[in-house]
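Novice: One structure, as structure tokens, below. Some questions next.
The values are calculated or read from the model by the stated rules, or taken from the named source; none is laboratory data. These figures come from a predicted structure and were not determined experimentally. Here the Cβ positions follow ideal geometry from the backbone for every residue, glycine too, while neighbour counts run over all protein chains shown. Calculation scope for accessible area: heavy atoms of the full protein, side chains included, ligands and nucleic acids excluded. Shrake-Rupley method; radii C 1.70, N 1.55, O 1.52, S 1.80 Å.
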Amino acid sequence: MKYLGVNEIREAFLKFFESKEHLRLQSFPLVPQNDNSLLLINSGMAPMKAYFTGQEIPPSKRVTTCQKCIRTGDIENVGKTARHGTFFEMLGDFSFGDYFKNEIIPWSWEFVTKVLEIPEDKLYVTIYEEDDETGKIWHEKVGLPWERIVKLGKADNFWEHGTGPCGPCTEIYFDRGEAYGCDSPTCTVGCDCDRYMEFWNLVLTQFNANEDGTYTELAQKNVDTGMGLERMATIMQGVDSIFDVDTIKATRDAVCQKANVTYGTDAKIDVSVRVITDHIRSVTMMTADGVLPSNEGRGYVLRRLLRRAARHGKLLGIEGEFLAELSKSVIACSGDAYPELVAKKDHIFKILSIEENSFYKTIDKGMEILKADMEEMKAAGVKVMSGEKSFRLYDTYGFPVDLTKEILAEEGMEIDETAFAEEMEQQKERARAARAKSNYMGAAATVYNDLPVELETAFAGYDVFTVSDAKIVALVANDTIADMAQTGDSVAVFLDKTPFYAESGGQVGDKGSIQTDTGVIAVTDCIKVIGGKIAHIGEVTEGSVQVGSMVCASIAKSLRMASARNHTATHLLHKALRTVLGNHVEQAGSYVSAERLRFDFTHFAALTTEEVQQVEKLVNDAIFESYAVMAEEMSMDAARQKGAMALFGEKYGDVVRVVDMGGYSIELCGGAHLENTAQVGSFKILSENGVAAGVRRIEALTGSEALKYYQAQETEIKEICKLVKTTPDKLLTRLEQLLAEQKETAKELEKLKAKMAGGAADEILNTKVEINGVAVLAAEIKDTDGNGLRTLGDQLKQKLGSGVIVLASGKGDKVNLMAMATDDVVKKGAHAGNIIKAAAAVCGGGGGGRPNMAQAGGKDATKIADALQKAKEVLAEQIG
């Protein structure tokens, strides 16, 4: 067999199916689009569910892809074996109601034997035991002997997912030879040993599974095949493990070089090397597709993988941060196939570096908590840590459970493995339950699922605000598909063409009206529903409307213009942020309405006042430059050459819309924009704050809303000027003068308080009592804060010479308490902190402090006398 690298196999597969009139699509992002049933794409067909279910029309009836996939169900086994991995690539070809068994079976054989040149005597196939048709094609059309066609049961060779489309599978196996077998005389395809390796699964969807358990033949049959690229590479390169194939080995070698270890010499070292090799591939791919570390969802998957890799790096003795450096090997090996890796490399490095550094701080925090837990266990004579505590360390603080076990073992302790596993299962169950509240596509079925899949609306709103010759092609009235709706009905109207922009890309939908000869609809929103259909949401306000009627559709021009101002401003803002902060800045979300804009972006620290001002100035400069805003459709390659920015996690077609603002900002965008940046008017940042780890948010105003803001500010300044009796140009000077006067007044007040306290001190001294030979002053002082009590206490201490002072002051639900003890009395056993703690408890509060001075607070001023008495009792116990 000839040797083929991973990149060569991928290209050979895609080219082969292009020769069979398939449309080659780029891999979909790892983040599912419009599918809440998955956290991450985990198969080649997952991004195409809508095409298979008929909810959306595919770009071609024949498609081929190499899809990035991540599966983390067996993450704990990754590294322990040379088989398991979290990231993999899935080669696939798909037929949506086009070819079927008679085509795909011979094509698969042709690719395997003619293109890959795998010897025929090394190949076997399996079929579903009741699928004689497929067996006949393998035997008669391909020429495969019956002894190489193995029939297996439903569990192995029939694909179904509840009710809905399903069908038999046929799989192709490679015989690795007797050396990999189990020596059993009955060893054959389907045996659990390593001899026969399945590498290509052909799913032949020809039935519909009904509620009653029966099957109905589908009118439109589909094909969905999947070939694991890395597994295929092990065959073509004659190696035993995915970690030995060329591209993955390159990363594995980079890990070994960084750790200064040799792979294959120590089983424990090999585990860590494999963990890091696999996980750095996953986190690099996920970060490139816009996933950010967090404590939930796919962000948690990223964080867990990254931290697991970092932990194993430390086990190998790697010093300092290393993951960002290792990601370069992944980018070098896969950057040609996945250009987003190269385009987003600065962002990838930054995210991995920040998160890895954060993990090391987390380890330090986790060590503190673990040590405290261990001290409690020692004090209680407990040797087994509860599942709750060990899982809290793992789940909340990201502290590796194997590290917890290791540290406990050093002290002769252990975790409750069963309880920990139960906690883990409960967490998984919560995650499953959260996703279970959805259908196959991850969303509850709605009335829109029943609309014709071919229903489309041409969007004409980039250039016009009114379309006078549109037609109603579908109508939903009061959540039911209808032919007619009348006054008062809530409706969703579907037109053949529209000027209404449907909410997407962060920009809100247009409002306006739809008029027919017989009625009027007030449109309050415009959204995209399943299949990308444009729904005009509103209410019939006059007469009645019906399917087939010609309409005049008009949007609210002023609202559209206001939204367009904010949308155009977000592009200018994005460019300004990258200019000021660096190219690691990427859009992480946005909201654009007529009133304001919100822009989320990747950055790792709060912006300084100077940076905010710089960004604001750059955006306004771009507005004042009056750049022409030009939108143009072109190929993805042409857009890249033009320097257009793509957004994280977005799936773009072969033809994209590029919005160019005078060369200053160039982005891929399908939104509604202005014709010239000058139309934005002005731009004002209202706030900048963090919304997630590594994500900042700016809220801003443009146009008339910015003007309203400035006017409100001006009005407020004028009102302040009236209050302080000055003019706006002298306001700052006047405020400085008033603050200086206030400061002087405060000084005088403190002097007066001190003088009054001096007088009070003499009165309090007259209340002195003795407890066991120690002088005690315990008194209530009216309307005095904590600082005042401390000042008075110092004066009393000086005059008293030796003894204990306890003072309290309170009003309503606020009490201040203070206690002091001279050094000689402290030596006798007095402790001001314990005295004040007991006294504060009487007033419903708490506090404490040093033996010679302590302060506390309380909530019930009516209990002050009791508190002072309690203080005397505690002192008596201390010095008794």
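Novice: Please tell me if Met441 is among the aliphatic types (A, V, I, L, M), within 30 Å of Pro32 (Cβ to Cβ), surrounded by 13 or more Cβ atoms within 10 Å (Cβ to Cβ) and at pLDDT 65 or above. Even if it seems obvious, please write down each step before you answer.
Specialist: On the way: among the aliphatic types (A, V, I, L, M): yes; within 30 Å of Pro32 (Cβ to Cβ): yes; surrounded by 13 or more Cβ atoms within 10 Å (Cβ to Cβ): yes; at pLDDT 65 or above: no.
In short, no.
Novice: Within the range 113-125, can you find the residues that are of a type in the set (D, E, K, R) and surrounded by 15 or more Cβ atoms within 10 Å (Cβ to Cβ)?
Specialist: If we filter the range 113-125 for residues that are of a type in the set (D, E, K, R), which is where we start, we get 114, 117, 120-122.
Scanning the range 113-125 gives a single hit, Lys122.
Novice: Under the condition of being charged (D, E, K, R) and over 19 Å from Val825 (Cβ atoms), which residue from the range 853-880 is surrounded by the most Cβ atoms within 10 Å (Cβ to Cβ)?
Specialist: First, the residues of the range 853-880 that are charged (D, E, K, R): 859-860, 863, 866, 870, 872-873, 877.
So of that shortlist, the ones also over 19 Å from Val825 (Cβ atoms) come out as 859-860, 863, 866.
Numbers: Lys859: 15, Asp860: 17, Lys863: 20, Asp866: 13.
Of everything passing the filter in the range 853-880, Lys863 is surrounded by the most Cβ atoms within 10 Å (Cβ to Cβ).
Novice: Residue under question is Glu319, and the condition is that it be open to solvent by 30 Å² or more (accessible area, probe 1.4 Å), within 21 Å of Asn583 (Cα to Cα) and at pLDDT 90 or above; does it hold?
Specialist: Working: open to solvent by 30 Å² or more (accessible area, probe 1.4 Å): yes; within 21 Å of Asn583 (Cα to Cα): no; at pLDDT 90 or above: yes.
In short, no.
Novice: Select the strands (runs of 3 or more DSSP E) contained entirely in the range 482-538, then report the ones holding at least 2 residues which are touching a Cys at 6+ places or on another chain (Cβ under 8 Å). Steps first, please.
Specialist: On the way: elements: 484-486, 490-495, 512-515, 519-529.
Ranges flagged: 512-515.
Novice: Next question, about the same structure. Tell me, yes or no, whether the range 560-575 has at least one residue that is of a type in the set (Ser, Thr, Tyr) and open to solvent by 30 Å² or more (accessible area, probe 1.4 Å). Don't jump to the end; show me each part of the working.
Specialist: If we filter the range 560-575 for residues that are of a type in the set (Ser, Thr, Tyr), which is where we start, we get 563, 568, 570.
Filter once more, so that each one left must be open to solvent by 30 Å² or more (accessible area, probe 1.4 Å): none.
The answer is no; no qualifying residue exists.
Novice: Then there is this: Which members of the range 299-319 meet the condition of being under 17 Å from Gln257 (Cβ atoms) and in contact (Cβ under 8 Å) with a residue 12 or more places away in the chain?
Specialist: Passing the criteria: Ala309, His312, Gly313, Leu315, Leu316, Gly317, Ile318.
Novice: Look at the range 669-701 and say how many of its residues are in a strand (DSSP E or B), within 21 Å of Ala556 (Cα to Cα) and under 29 Å from the mean Cα position of the chain (by Cα). Don't jump to the end; show me each part of the working.
Specialist: Of the range 669-701, the ones in a strand (DSSP E or B) are 676, 683-692, 695-701.
Next cut, within 21 Å of Ala556 (Cα to Cα) only: 676, 701.
This time we only want the ones that are under 29 Å from the mean Cα position of the chain (by Cα), so: 701.
Matching residues across the range 669-701 total 1.
Novice: Condition first: touching a residue at least 12 places away in the same chain (Cβ under 8 Å), charged (D, E, K, R) and more than 19 Å from Gly44 (Cβ to Cβ). Now tell me which residues in the range 199-243 satisfy that.
Specialist: Glu211, Asp240
Novice: Out of (1) surrounded by fewer than 24 Cβ atoms within 10 Å (Cβ to Cβ); (2) part of a loop (DSSP other than H, G, I, E, B), the odd one out for Gly44 is which?
Specialist: (1)
Novice: Another question about this same structure. Does any residue in the range 523-536 that is in contact (Cβ under 8 Å) with a residue 24 or more places away in the chain and surrounded by fewer than 19 Cβ atoms within 10 Å (Cβ to Cβ) come within less than 7 Å, Cβ to Cβ, of a residue that is in a strand (DSSP E or B) and polar (S, T, N, Q) six or more places away or on a different chain, and which pairs are these?
Specialist: Lys528/Ser504
Novice: How many residues, within the range 56-75, are under 23 Å from Thr234 (Cα atoms) and either under 28 Å from the mean Cα position of the chain (by Cα) or open to solvent by 10 Å² or more (accessible area, probe 1.4 Å) (or both)? Show your work before the answer.
Specialist: Taking the range 56-75 first, the residues under 23 Å from Thr234 (Cα atoms) are 64-75.
From what is left, the residues that are either under 28 Å from the mean Cα position of the chain (by Cα) or open to solvent by 10 Å² or more (accessible area, probe 1.4 Å) (or both) are 65-75.
Counting residues in the range 56-75 that are under 23 Å from Thr234 (Cα atoms) and either under 28 Å from the mean Cα position of the chain (by Cα) or open to solvent by 10 Å² or more (accessible area, probe 1.4 Å) (or both) gives 11.
Novice: Would you check if Glu110 is among the charged types (D, E, K, R), open to solvent by 40 Å² or more (accessible area, probe 1.4 Å) and not in a helix (DSSP H, G or I)?
Specialist: On the way: among the charged types (D, E, K, R): yes; open to solvent by 40 Å² or more (accessible area, probe 1.4 Å): yes; not in a helix (DSSP H, G or I): no.
Taking the combined requirement at face value, the residue does not satisfy it.
Results for (1) crowded, with 23+ Cβ neighbours inside 10 Å; (2) closer than 30 Å to Asp35 by Cβ; (3) more than 25 Å from the chain's Cα centre (by Cα); (4) not β-branched (Val, Ile, Thr), shown as yes or no for each residue.
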position	(1), (2), (3), (4)
Met550	no, no, yes, yes
Lys557	no, no, yes, yes
Ser593	no, yes, no, yes
Leu597	yes, yes, no, yes
Val612	no, no, yes, no
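Novice: If you don't mind, there's one more thing I want to ask. How about the range 827-840: which of its residues are out of contact with any helix residue (DSSP H, G or I) (no Cβ under 8 Å at 6 or more places or on another chain) and open to solvent by 40 Å² or more (accessible area, probe 1.4 Å)?
Specialist: Within the range 827-840, Lys827, Lys837 qualify.
Novice: Go through the range 363-386 and report how many residues are surrounded by 14 or more Cβ atoms within 10 Å (Cβ to Cβ), over 14 Å from Arg311 (Cβ atoms), among the small types (Gly, Ala, Ser) and at pLDDT below 90.
Specialist: Summing the residues that are surrounded by 14 or more Cβ atoms within 10 Å (Cβ to Cβ), over 14 Å from Arg311 (Cβ atoms), among the small types (Gly, Ala, Ser) and at pLDDT below 90 in the range 363-386 gives 0.
Novice: Right, another one. From the set of residues in the range 158-190 that are among the hydroxyl-bearing types (Ser, Thr, Tyr) and surrounded by fewer than 19 Cβ atoms within 10 Å (Cβ to Cβ), which is farthest from Phe100 (Cα to Cα)?
Specialist: The extreme case among them is Ser184.
Novice: Taking into account only those residues within the range 204-246 that are among the small types (Gly, Ala, Ser) and in a strand (DSSP E or B), which is surrounded by the fewest Cβ atoms within 10 Å (Cβ to Cβ)?
Specialist: The extreme case among them is Ala219.
Novice: From the list Asp794, Asp762, exactly one residue is at pLDDT below 85, charged (D, E, K, R) and open to solvent by 40 Å² or more (accessible area, probe 1.4 Å). Which is it? Before the answer, list the steps.
Specialist: Values: Asp794 fails: at pLDDT below 85.
Criteria check complete, one pass: Asp762.
Novice: Here's another thing I want to ask about it. Out of Lys730, Lys722, Lys753, Lys743, which single residue is on the phi < 0 side of the Ramachandran plot, surrounded by 12 or more Cβ atoms within 10 Å (Cβ to Cβ) and modelled with pLDDT of 90 or more?
Specialist: Only one candidate qualifies: Lys730.
Novice: Here is a further query. Enumerate the pairs (first residue in the range 651-678 and within 14 Å of Asn566 (Cβ to Cβ); second residue anywhere and of a type in the set (Gly, Ala, Ser) and outside any strand (DSSP E or B)) with beta-carbon separation below 6 Å, excluding pairs fewer than 6 apart on the same chain, so at least 6 apart or on different chains.
Specialist: Gly671/Gly505; Ala672/Ala564; His673/Ala564; Leu674/Ala564; Thr677/Ala622
Novice: Could you please tell me which pairs satisfy a Cβ distance under 9 Å, a separation of 6+ or placement on different chains, a first residue in the range 799-818 that is closer than 12 Å to Asp860 by Cα, and a second residue that is open to solvent by 10 Å² or more (accessible area, probe 1.4 Å) and among the hydroxyl-bearing types (Ser, Thr, Tyr)?
Specialist: Here the result reads Ser809/Thr784; Gly810/Thr862; Asn816/Thr784, each pair linking the range 799-818 to a residue that is open to solvent by 10 Å² or more (accessible area, probe 1.4 Å) and among the hydroxyl-bearing types (Ser, Thr, Tyr).
Novice: Shifting gears a bit: Need a quick list: helices (runs of 4 or more DSSP H) entirely within the range 341-436 having at least 3 residues that are without any contact (Cβ under 8 Å) to a residue 12 or more places away in the chain and under 26 Å from Pro29 (Cβ atoms).
Specialist: Numbers: elements: 345-380, 387-395, 401-410, 417-436.
Once the helices (runs of 4 or more DSSP H) in the range 341-436 are filtered for at least 3 residues that are without any contact (Cβ under 8 Å) to a residue 12 or more places away in the chain and under 26 Å from Pro29 (Cβ atoms), what remains is 417-436.
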